[in-house]
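Note sheet for the following structure.
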Amino acid sequence: KYSYELMGSNFVLFELSRGCPYNCVYCLQKMYGQIYRIKSIKHLAREIETAVNDYGIKNAYFVDLEMTVNKKAVAELCDLLINKKMKLKWCCQTRADTVDFELLKKMRKAGCVLIHYGVETGSPRIMKLIEKKITHEQILKAINFTHKAGIETACFFMFGFPTETDEEMEMTIDFAK
């Protein structure tokens, strides 16, 4: 009965990991705990198989804060989805500095059709202020690789950081464009 406007209906949420190893100042990590932990791939595979085979699920969102932090686990999950020929379209969210072209190609082959990236700001000063520890060049590279792999992107941006100027907000709009 669930749907997501970017993915369609017959939709469910999955989770490979909880927490995040990064310390961006705006994030309320208390919700997830300070420890990054990952679910067994075999356990997650059973959840996915049950959803697809028993409930007819066709679309999924992996709600991990940063899905590709553990590239090995994501690659293992993708291999499993490919080998079992799962008919599942899925999306996830992650950081642009935790993907590479080979992983993205494997994710696409495994059914990934959309990745949400947390960009946050177009201002280098604000990026440093929020301790994101990522560059705009890394973000552009990841988005280009993602599109080259055949995966769509959606990006998260924020306005209103303390001391953020109107000009810096314009930088964010320009970067988004």
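The requirement of being acidic (Asp, Glu) and under 24 Å from Gly19 (Cβ atoms) is satisfied by Glu76. Can you tell me which residue within region 124-135, out of those that are open to solvent by 30 Å² or more (accessible area, probe 1.4 Å) and among the basic types (Lys, Arg), is farthest from Tyr61 (Cα to Cα)? For region 124-135, the residue satisfying everything is Arg125. Restricting attention to region 94-110, the residues being under 14 Å from the mean Cα position of the chain (by Cα) and either of a type in the set (A, V, I, L, M) or over 16 Å from Lys141 (Cα atoms) (or both) number 6. Give me the residue from region 71-87 that is more than 17 Å from the chain's Cα centre (by Cα) and not hydrophobic (A, V, I, L, M, F, W, C) and, out of that set, surrounded by the fewest Cβ atoms within 10 Å (Cβ to Cβ). So the residue we want is Lys85.
Considering each residue of region 59-70 in turn, at least one proves to be open to solvent by less than 10 Å² (accessible area, probe 1.4 Å), closer than 23 Å to Arg18 by Cα, of a type in the set (A, V, I, L, M) and modelled with pLDDT under 95.
Selection of region 136-167 for residues being among the aromatic types (Phe, Trp, Tyr) and surrounded by fewer than 12 Cβ atoms within 10 Å (Cβ to Cβ) yields only Phe156. Annotation note: of Gly160, Gly150, Gly118, the sole residue that is farther than 19 Å from Glu66 by Cα and under 21 Å from the mean Cα position of the chain (by Cα) is Gly150. Answer yes or no: is there a residue in region 89-111 that is farther than 21 Å from Val69 by Cβ and open to solvent by 10 Å² or more (accessible area, probe 1.4 Å). Yes, region 89-111 contains a residue that is farther than 21 Å from Val69 by Cβ and open to solvent by 10 Å² or more (accessible area, probe 1.4 Å). Does region 157-177 hold any residues that are under 30 Å from Arg108 (Cβ atoms) and touching a residue at least 60 places away in the same chain (Cβ under 8 Å), and which are they? Met158, the sole residue that qualifies.
The values are calculated or read from the model by the stated rules, or taken from the named source; none is laboratory data. Keep in mind that this is a model prediction, so the values were computed, not measured. Cβ: placed from backbone, ideal geometry, glycine included. Neighbour counts: every protein chain shown. With ligands, DNA and RNA removed, areas are computed over all heavy atoms of the protein, side chains included. Shrake-Rupley method; radii C 1.70, N 1.55, O 1.52, S 1.80 Å.
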